[in-house]
Structure formats: structure tokens, C-alpha cells
1. Amide H of Y194 versus every other amide H placed in the peptide plane: which residues, excluding those fewer than 5 positions away on the same chain, fall under 5 Å?
2. Stokes-Einstein diffusion coefficient for segment 120-242 at 37 °C in a medium of 0.692 mPa s, Rh from the Kirkwood formula over Cα pairs: what value in µm²/s?
3. Order these peptides, 197-204, 235-242, 165-172, 300-307, by their mean beta-carbon neighbour count within 10 angstrom, highest first.
4. Quick check: Cα centre of segment 190-265 to Cα centre of segment 109-124, how many Å?
5. Provide the per-residue ³J(HN,Hα) series for segment 262-275, in order, calculated from phi with Karplus coefficients 6.51, -1.76, 1.60 and θ = phi - 60°, each as a whole number of Hz, with x at glycine and proline positions.
6. Longer than 27 Å from Cα to Cα, which of K184/K246; K185/K246; K130/K276; K130/K185; K93/K276; K246/K298 are they? Say none if no pair is.
7. HN-Hα J couplings of segment 291-306 from phi, Karplus 6.51/-1.76/1.60, θ = phi - 60°, integer Hz, Gly and Pro as x?
8. Taking the Cβ of R242 as the center, what net charge do the other residues with Cβ under 12 Å away carry, scoring Lys and Arg +1 and Asp and Glu -1?
Amino acid sequence: MMNRRSEQREEENREKDNLMEGLICAKINPIRTYCGRPESSFIATFTRRLVRRVYVSPIRMMKHPKPFNSVAASVQPLKASALDRLDNTLPSKEVLEVWRDADAVCFDVDSTACLDEGIDELAEFCGAGKAVAEWTARAMSGSVPFEEALAARLSLFNPSLSQIQDFLEKRPPRITPGIDELVKKLMAKNTTVYLISGGFRQMINPAASILGIPPENIFANQLLFGNSGEFLGFDINEPTSRSGGKATAVQQIRMAHGYKALVMIGDGATDLEARKPGGADLFICYAGVQHREAVAAKADWLVFSFRDLINYLE
């Protein structure tokens, strides 16, 4: 009788041990039964995150397994939306017609015709680079009025005339690769080229000289200095000194010369503003230096190299 009871207790203990072993195995690998092999590195990363969550409550996952193909489906719309934002990298027939027939092309300067943001470089040279760069980013995204951002940036370092001259001597403008060839191609087609910038004439003139663009074709801001070369401010009568200024400049250019097709090329929100009735017929976003997604998404054509514009011009 005692032997029989001992055998029953031993059998019950073995069953408990087997049950515990099964639970432990389930906790170690709770989703192996339900998931196939990931088909991409992105899905593999997502799976690892899913596994870590399962460890918190493995039994719940086993009771309600989520098919792996539903995980992949939830990722797909993200990929589609990313591709949608890039649709304008391929110009339409209408866009190409305007580009090839344009009798005037206006270029932004900072981060377009030139590699650098001029005011940021000057501020860094004068010891206020970080603070000014933050304001520049806000201005280019269109989150603050341009005139407010311009005044705020200049007030952070108040550049003197001698500092400007020293800066230009030590840090001459860096022309963006391909812009010189593009300008030559346009001029060879009798297309008039302009520089329109929220930067300063004192710093843009050297770049214009390199590109062969005459001073009268420059629309930009003018720094003002006193008799001793001290900084006084900037000329508020320049259209580019305020929000919507580039659009105003383009409208003035078109009205004065009667161009039939005018194109604006730039990287910022102020460049995008130039495409309006009486202004630019076409806005091309050049994102080879700065890629501002909010601006690029609204462009008629998004390019990352001036070579693209040269190739489609021919």
C-alpha cells in the first residue's frame, strides 16, 4: 500500500516537472511556431522589438498569435509614402518645356549657387556661429518672418566693415559644383541669369564675378556701415530684406523685361514663394547641399545635382 502511494507521488512530481519544463520552453521562444524567416533587414529589426515585448507576457502572445504577414503589411504604407515624396525627381513634360524655353533663370545663392550659408559662415568667423545657424534654420523653414530672423542674426554679432573684408579675404566663396557650367550653358542659349538672395551684396559680388553674372543682375541685401566702418544695420528698402521679398524681386524682374518663361532655383521656403502669379513659372528645388523636405515636397522639380539640369537642357 505504501509502495503504491510512493509511486503515485513520484508520477505526480514527474508531471509537474514536465509541465514546468514546457512553460520555460514557451517563455524562451514564444513566437517561433508562428513566425517565418524575415524577408528584409527592416522586418528583422521589427521582429526583435516584437520578441522583447513578448517576454513581458508570453502567454498572451501564444493565446492570440499575430500572423507575420500582418506585420509586413503595416510597414508597407510607410514605404509607399516615402516614394510619393520623391515623385518630382522626374520632371514632367510640361516642366521640361518651361525649363528648356526659359528666357530668364534666377538662382538663390546660399546652399544653391554657393555651398555655404553666407551669414552662418560670417557669424562663425566672428564667433557667433551656433546661435546664428539656429536662426538660419528657422528662417529657411519658413517658421519665422524673414526680416525678423535677419535682424536677430545680425544683432548677435554686429559685423564691422573690416570684419567683412577680412572674412572675404580668408574665406572666399565656394561655388557649388556644376553651377558654373550650367550658367555658361544658359547664357549660350541667350537665357538671362540672376542671383536673388537674402544674403548680402558685399559677400555675393565675388561669387557673381566668378560666374560671370553682372552686378545689375543681383538682387540682395545691403549691409550699412558708419564712417568708422561700424555696423549700422541693413537697407530695409531692398525687397529681399523681408518675407516674400524674393517673390517681389522676381515680379519686378519679369515686369521690367517682359520675360515669357522664368524659372526660380533654390533650396528654401523664400525661394518657393517666388512661384506665384506674375513671378516664376517654375520652382526647381536644388537639394544637393540642404534637403528641406517641406520645400522639396512642393517643388515642380527636385534635383540633387546641377548635372541633371544641364542634361535636360540639351
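FYI, it's all coordinate maths here, none of it is from the lab. Everything quoted here is computed from the prediction, not taken from an experiment. No Cβ is skipped: glycine too gets one built from the backbone with ideal geometry, and neighbour counts run over all protein chains shown.
1. Those lying under 5 Å, H to H, from Y194 are V105, C106, F107.
2. 211 µm²/s
3. Taking the mean over residues of other Cβ atoms within 10 Å, the ranking is 197-204, 300-307, 235-242, 165-172.
4. Between the Cα centres of segment 190-265 and segment 109-124 lies a distance of 15 Å.
5. 10, 10, 10, 10, x, 10, x, 4, 5, 6, 4, 4, 6, 8
6. The pairs that break the limit, which is 27 Å between Cα atoms, are K130/K276; K130/K185.
7. After applying 6.51 cos²θ - 1.76 cosθ + 1.60, I find 9, 9, 4, 4, 7, 4, 5, 9, 6, 6, 8, 10, 10, 10, 8, 5 Hz.
8. Taking every Cβ under 12 Å from that of R242, the sum is -4.
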